Each structure stands twice: as structure tokens, then as C-alpha cells.
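Heads up: the structure comes next, in C-alpha cells.
Throughout, read-outs are computed from the coordinates displayed, never taken from laboratory work. As the structure is a computational prediction, the values presented were derived from the model and not from experiment. Cβ sites come from the backbone with ideal geometry, for glycine too, and all protein chains shown count toward neighbours.
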Amino acid sequence: MSRLRLKLAIGVAVVGVAATTAAALAGDRAKLRTSLSGFEEVPVVSTSGGGEFRAAIDRSSRTIQYQLTYRDLEGTTQQSHIHLGQELANGGIAVFLCSNLGNGPAGTQACPQSGTISGTIDPADVIGPTGQGIPAGAFDELARAIRAGLTYVNVHSSVAPGGEIRGQIENRQND
């Protein structure tokens, strides 16, 4: 009987360790996503354009893997960023995702007219916005703002230089 109890105790301990490890690993990667539309821009832009943004923050490696897909913009694509700003407010640029204007940091990829771009964001890619309390390189501060739902992605075009489509980044940890 005591041998059975010992096996049972070991089994419970193994399951407990496995569950704790899984929970810790899940907490280390945040799943992020949003849909982009002109109705999310401030002010609203009536456009046939749309898109999706998906990303994952990896706290241990201090990186964000992302994929941005957009289509049917009514203007020529100019640039795309992650901005610091709550819903219904505009904010400063935190990270360039792409640019055709030559205004991004060295290594910024070109924006296709429509399609998909992907990449990895690390501390060197964070440019601010310093006026909103995020200095260049402050990856952890940006990650905290993203997790809090206080960032958005938008794609700027020649028709809407302030942004043609936009989406507030949401933490979808349980999806």
C-alpha cells in the first residue's frame, strides 16, 4: 500500500511540475493580433483597404515576431508603423515596419503596394516615442504598452498620409 502511495505522490508531483512549466512558458509568449480598417483610423477614413497584423512577444529573447498583411489600399503605400496610443487617439511612432519614403531607420524594409511583410523587432528597432515616455531601445516598455492594449498598427498611403488603415493591437493570450 505504501508503494502505491509513493507512486501516486510521484505522479502528482510530475503532473504539477509539467503544469507549472507549461504555464511559465505560455506566460513568456504573448499572442497579439488585430484587423486593420479605415474605420479604426483617427479621424476615420472611408476606404476599401483592409489588413491583419499578428505577432508574438518573446520576453526571454526580447523579440517580437510579426506578420502584417494588407490589401486594396486606395492610395500608394507609403509606410507602416507600430504607434503608442490608445483606441481613438493618435500617438507617436514606436517601430517602423516598412517604408517607401526613405525615412525609416537603416534596414527598414520596403512596403509592397499590397501583400505581406514579416520580421523580428528587437530593442534596436524601438525608436520611441520619447515624448510619450518610451526612449529609443526601450523594448520592455514597448512590450508593456503592447500587452496593455495601448499600441496600434497602421499603414499610411498617398491618399491618407496620416494612415489609411489601422488596428489596435490586442493581447489574445487565451486564443
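Brief remarks follow.
- FRET efficiency for E141 and S48, using Cβ-Cβ distance with R0 set to 35 Å, rounded to 0.05: 0.45
- Those GluC sites (Glu not before Pro) in the stretch 68-175 that DSSP places in a loop and that have at most 14 other beta carbons within 10 Å: E87
- Using alpha carbons only: equivalent-ellipsoid semi-axes of the stretch 29-171, gyration tensor based, whole Å: 22, 15, 14
- Pairwise Cα inverse-distance average, inverted: Kirkwood Rh of the stretch 124-173 (Å): 12.0 Å
- Ordering of 52-63, 109-120 by burial proxy (mean other Cβ atoms within 10 Å per residue, highest first): 52-63, 109-120
- In this calculation the C-beta distance from D72 to Q109 is compared with R0 = 25 Å, giving a FRET efficiency of 0.75.
- Charge tally for D122 (other residues, Cβ to Cβ under 13 Å; Lys, Arg +1; Asp, Glu -1): -1.
- Here the extension length gained between R172 and D58 equals 39.6 nm, from 0.36 nm per residue of separation less the Cα-Cα distance.
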